[in-house]
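The values are calculated or read from the model by the stated rules, or taken from the named source; none is laboratory data. All of these numbers come straight from a predicted model, not from anything done at the bench. Every residue, glycine as well, gets a Cβ built from its backbone with ideal geometry; the counts of neighbours run over all protein chains shown.
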Amino acid sequence: MQFTLNAAQSVATVLAFLMIGYALQRHIPLLKNNYVPAPFLGGVTLCLVLALVRTQLNITLDMSLVAIFAAAFFASIGLRINRALLAQGVKQQVIFLLLVVGVAVVQNLLALLVGSLLGLSAAETLLHGSLVFMGDATLAPLFQQLGGTANLLPELNAVSLLAVLVGTLLGGQVFVALKSKVDLSGTLKPPAPAFTPLDLLRYLFIFALAMAIGFLPSQHGLGQWFSPVGGAFVAGLALRMILDRTKWMEVSLPPVNLLGNVSLSLFLTFVFATLPWQGLHDITLTGVLLVLFNSILLVVVAVYGVGRIMGRNTLATYVAAGLPGFSLGNPASTMATLQCIKENHGALPLAIFIVPPVGAWLINVINPYIIRLFF
């Protein structure tokens, strides 16, 4: 029997399993101590449940709101940054972007080296470079443009899925390795938000406006440069600057954090619940080796490189923990890791300003050009 949940039913289902994810994290110390994100636990649990009942009831989630949740979170990033934080963070964001570009270059060099040693075809080599690791597998059309054949798409998907799984767990391990070396007492622990119905209406309007503006570039053929998340981030940032100058309303962190984090949790749980995990059975030994090599590369860069470049401090530790997720297959993994760390140790607005915009937007603009340099 086929049954498709509507948007409201899908959100209710995802919220239920998100709470299950938090319950698993709370009752299994190993998960919490290793920063395994609750949306990942809830999403994978939902995916398993849907798979178990599929022979009797094939349930499909409505995904129409997922892009809205993602854009809302990125709008919240922009709204959290005032002029002082912007001036402080731009330089760090550029430095991190350059570091990530360097990682993408090395990923392609590593693919070429392994491909040469194993005698892989050009197409097989292509699907083991930054095309599949840096960001996610949405570059499959580029893979075919550069000579990749349709019969290799299942392997591309399998490599990406294994990378997502590893990347989601690896960020927490990087944080475990680094957290004892820095002072985490300076992080922010925003109080619970307190606002009137009119205040809530104003915040919802600002979020909706940022998202509405954020979708405009994609609607007018500019999505290659400004994806909805990138557009919402820039729009949120611009609106924050305007609001601070005009004094129409004071943007307070607790309400912005609440709306942004709820949106993020829903987005992440949807993503992890609907990834085609069954595609892992198409993984090859070469794919496993490349995921392993890239994992080692990213651990080395995160543990030893980020601190040297950005300073051995709390910010660099948060940034380092965020690096493996999107560099091994999915920006959602990075955002889940940072959210989990924040829930346990407090927030760093600059880390959110630096990592997700680079990992979910800027590198995805640059990566196709990097790929074409090598293939």
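Quick look at the numbers
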| item | result |
| --- | --- |
| Selection from the range 2-39 of residues that are among the β-branched types (Val, Ile, Thr) and more than 30 Å from Ala177 (Cα to Cα) | Thr4, Val11, Thr13, Val14 |
| Single residue of Leu222, Leu237 found to be within 22 Å of the chain's Cα centre (by Cα) and at pLDDT below 95 | Leu222 |
| Failed criterion for Leu280 (all others in (1) over 22 Å from Val358 (Cα atoms); (2) surrounded by 22 or more Cβ atoms within 10 Å (Cβ to Cβ) hold) | (2) |
| From the options Phe195, Phe143, residue that is hydrophobic (A, V, I, L, M, F, W, C), in contact with a helix residue (DSSP H, G or I) (Cβ under 8 Å, 6 or more places away or on another chain) and free of Cβ contacts under 8 Å to residues at least 24 places away in the same chain | Phe143 |
| Matching residues, the range 300-358, being aromatic (Phe, Trp, Tyr) and surrounded by fewer than 24 Cβ atoms within 10 Å (Cβ to Cβ) | Tyr304, Phe353 |
| Residue pairs meeting the criteria (Cβ under 8 Å; at least 6 apart or on separate chains; first farther than 13 Å from Leu268 by Cα, in the range 29-45; second of a type in the set (D, E, K, R) and in a helix (DSSP H, G or I)) | Lys32/Arg26 |
| Residue within the range 59-69 that is crowded, with 18+ Cβ neighbours inside 10 Å and at positive phi present | no |
| Subset of the range 11-41 [surrounded by 23 or more Cβ atoms within 10 Å (Cβ to Cβ) and farther than 17 Å from Asn261 by Cα] | Gln25 |
| Single match in Leu178, Leu200 (criterion: without any contact (Cβ under 8 Å) to a residue 60 or more places away in the chain and either at negative phi or part of a loop (DSSP other than H, G, I, E, B) (or both)) | Leu200 |
| Cβ-Cβ under 6 Å pairs, at least 6 apart or on other chains, the range 251-267 side over 21 Å from Val66 (Cβ atoms), far side part of a helix (DSSP H, G or I) and among the aromatic types (Phe, Trp, Tyr) | Pro255/Tyr203 |
| Index of the failed condition, Ser252 passing every other in (1) under 30 Å from Ala320 (Cβ atoms); (2) modelled with pLDDT under 95; (3) in contact with a helix residue (DSSP H, G or I) (Cβ under 6 Å, 6 or more places away or on another chain) | (3) |
| Pair list, Cβ < 9 Å and 6+ apart or interchain, from the range 358-375 residues that are in contact (Cβ under 8 Å) with a residue 60 or more places away in the chain and closer than 18 Å to Thr334 by Cα to residues that are aromatic (Phe, Trp, Tyr) and not in a helix (DSSP H, G or I) | Trp361/Phe226; Val365/Trp225; Val365/Phe226 |
| Counted residues, the range 86-108 - those being under 18 Å from the mean Cα position of the chain (by Cα) and at pLDDT below 95 | 0 |
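Residue-by-condition table, conditions (1) within 23 Å of the chain's Cα centre (by Cα); (2) more than 15 Å from Leu79 (Cα to Cα):
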| residue | (1), (2) |
| --- | --- |
| Ala192 | no, yes |
| Thr196 | no, yes |
| Leu200 | no, no |
| Ala212 | yes, no |
| Ala232 | yes, no |
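The rows are residues; the columns are (1) more than 11 Å from Ser10 (Cβ to Cβ); (2) within 16 Å of the chain's Cα centre (by Cα); (3) not basic (Lys, Arg).
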position: Val49; (1), (2), (3): yes, no, yes
position: Thr55; (1), (2), (3): yes, no, yes
position: Ile59; (1), (2), (3): no, no, yes
position: Asp62; (1), (2), (3): no, no, yes
position: Phe69; (1), (2), (3): yes, yes, yes
position: Ile77; (1), (2), (3): yes, yes, yes
